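Chemist: Below you'll find the structure I mean.
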């Protein structure tokens, strides 16, 4: 499986990243171990998580996902050299606000390293913009981590074109490390955040793109076609917004392409993202072996030009 460079970081990732938000939340630890084993055995190599996963769940404090991944690495010593560990910092972990201050990053990275049972984080990412902390302060904190060897590369998430451009300018002017990757929300339905100025900037600057919500919270799997279907998932409330004329048009196109290719709609939806200009790899989660096998098939699914044209047309705003 051909890996793709992640910006100028020196890291190379397979064209699909495992979304670790499910670990310790919708999957228990034994299931998480089986999924991670299957993911690596399939030739994939990047696992994305965050310190805040899954703080939103009742009784959780955050760090649950990192802990499961760390326990898996401890139980499988030979697997660390086969995977890239991607995690994030900056979400509210009890401070009451998003936080990319140098003081918080210094504390948070040690907590993540401990939970992940590793000496180095391959890609450390700013999870959300922090309007109260200057780019320079954040980047200097990351510079310290890069020089100490605790982090191999840095990236960001949820930055728009203006904010990302500003951070790149500060990095260049101050001689600081720049963000080598970006995580935007991007799928057949949610295209406006990345398509356009943000994608153009990433392509121009050679910034890797690891997109999330590749299946629009599961809507693009085709399981949700009416309000009655929303009860099938804990995410039902977040899926209702996709039940629109445009959403059904996208599902129709996915059904047609899937039938032509002998694939599932979810596999087609992910293959479309993988093929997009500027995208290094989408993030996708699985909670069962069957779902994982489907993700792997998506990686190997090549869409014909007419397939992509049909999906582009159906998903046009």
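Chemist: Quick one: residue 66 ticks every box in (1) within 23 Å of residue 289 (Cα to Cα); (2) more than 16 Å from the chain's Cα centre (by Cα); (3) crowded, with 18+ Cβ neighbours inside 10 Å except a single one, so which number is it?
Modeler: (2)
Chemist: Can I ask one more? As an exercise: evaluate residue 38 against (1) under 30 Å from residue 276 (Cα atoms); (2) touching a helix residue (DSSP H, G or I) at 6+ places or on another chain (Cβ under 9 Å); (3) not in a helix (DSSP H, G or I) and give the number of the one condition it does not meet.
Modeler: Exception for residue 38: condition (3).
Chemist: So residue 202 passes all but one of these: (1) within 14 Å of the chain's Cα centre (by Cα); (2) in contact (Cβ under 8 Å) with a residue 60 or more places away in the chain; (3) not in a strand (DSSP E or B). Which condition number does it fail?
Modeler: All conditions pass for residue 202, except number (1).
Chemist: Continuing with this model, one more query. Could you go through the range 11-23 and let me know if any residue there is more than 17 Å from the chain's Cα centre (by Cα) and at pLDDT 95 or above.
Modeler: Scanning the range 11-23 turns up no residue that is more than 17 Å from the chain's Cα centre (by Cα) and at pLDDT 95 or above.
Chemist: Take the residues in the range 305-317 that are closer than 17 Å to residue 263 by Cα and either in contact with a strand residue (DSSP E or B) (Cβ under 9 Å, 6 or more places away or on another chain) or free of Cβ contacts under 8 Å to residues at least 24 places away in the same chain (or both), then tell me which one is surrounded by the most Cβ atoms within 10 Å (Cβ to Cβ).
Modeler: So, considering only residues that are closer than 17 Å to residue 263 by Cα and either in contact with a strand residue (DSSP E or B) (Cβ under 9 Å, 6 or more places away or on another chain) or free of Cβ contacts under 8 Å to residues at least 24 places away in the same chain (or both), the one surrounded by the most Cβ atoms within 10 Å (Cβ to Cβ) is 306.
Chemist: With the range 236-317 as the region, which helices (runs of 4 or more DSSP H) entirely inside it contain at least 3 residues that are modelled with pLDDT under 95, more than 30 Å from residue 12 (Cα to Cα) and more than 22 Å from the chain's Cα centre (by Cα)?
Modeler: Of the helices (runs of 4 or more DSSP H) lying wholly inside the range 236-317, none has at least 3 residues that are modelled with pLDDT under 95, more than 30 Å from residue 12 (Cα to Cα) and more than 22 Å from the chain's Cα centre (by Cα).
Chemist: A further question on this structure: Residue under question is residue 44, and the condition is that it be touching a residue at least 60 places away in the same chain (Cβ under 8 Å) and either over 30 Å from residue 301 (Cα atoms) or part of a loop (DSSP other than H, G, I, E, B) (or both); does it hold?
Modeler: Criteria met by residue 44.
Chemist: Let me ask you something else. Of (1) surrounded by 20 or more Cβ atoms within 10 Å (Cβ to Cβ); (2) in contact with a helix residue (DSSP H, G or I) (Cβ under 7 Å, 6 or more places away or on another chain); (3) within 19 Å of residue 63 (Cα to Cα), residue 157 satisfies all except one. Which?
Modeler: (2)
Chemist: Restricting the range 101-133 to residues that are closer than 21 Å to residue 184 by Cα and touching a residue at least 40 places away in the same chain (Cβ under 8 Å), which is surrounded by the fewest Cβ atoms within 10 Å (Cβ to Cβ)?
Modeler: Here the answer is 130.
Chemist: Let me ask you something else. Please determine, by comparing only the residues of the range 73-98 that are farther than 22 Å from residue 29 by Cα and over 20 Å from the mean Cα position of the chain (by Cα), which one is surrounded by the most Cβ atoms within 10 Å (Cβ to Cβ).
Modeler: 97
The values are calculated or read from the model by the stated rules, or taken from the named source; none is laboratory data. Everything numeric here is computed off the predicted structure, so don't read it as measured data. When we count neighbours, we look across all protein chains shown, and the Cβ atoms used for this are built from the backbone with ideal geometry, even at glycine.
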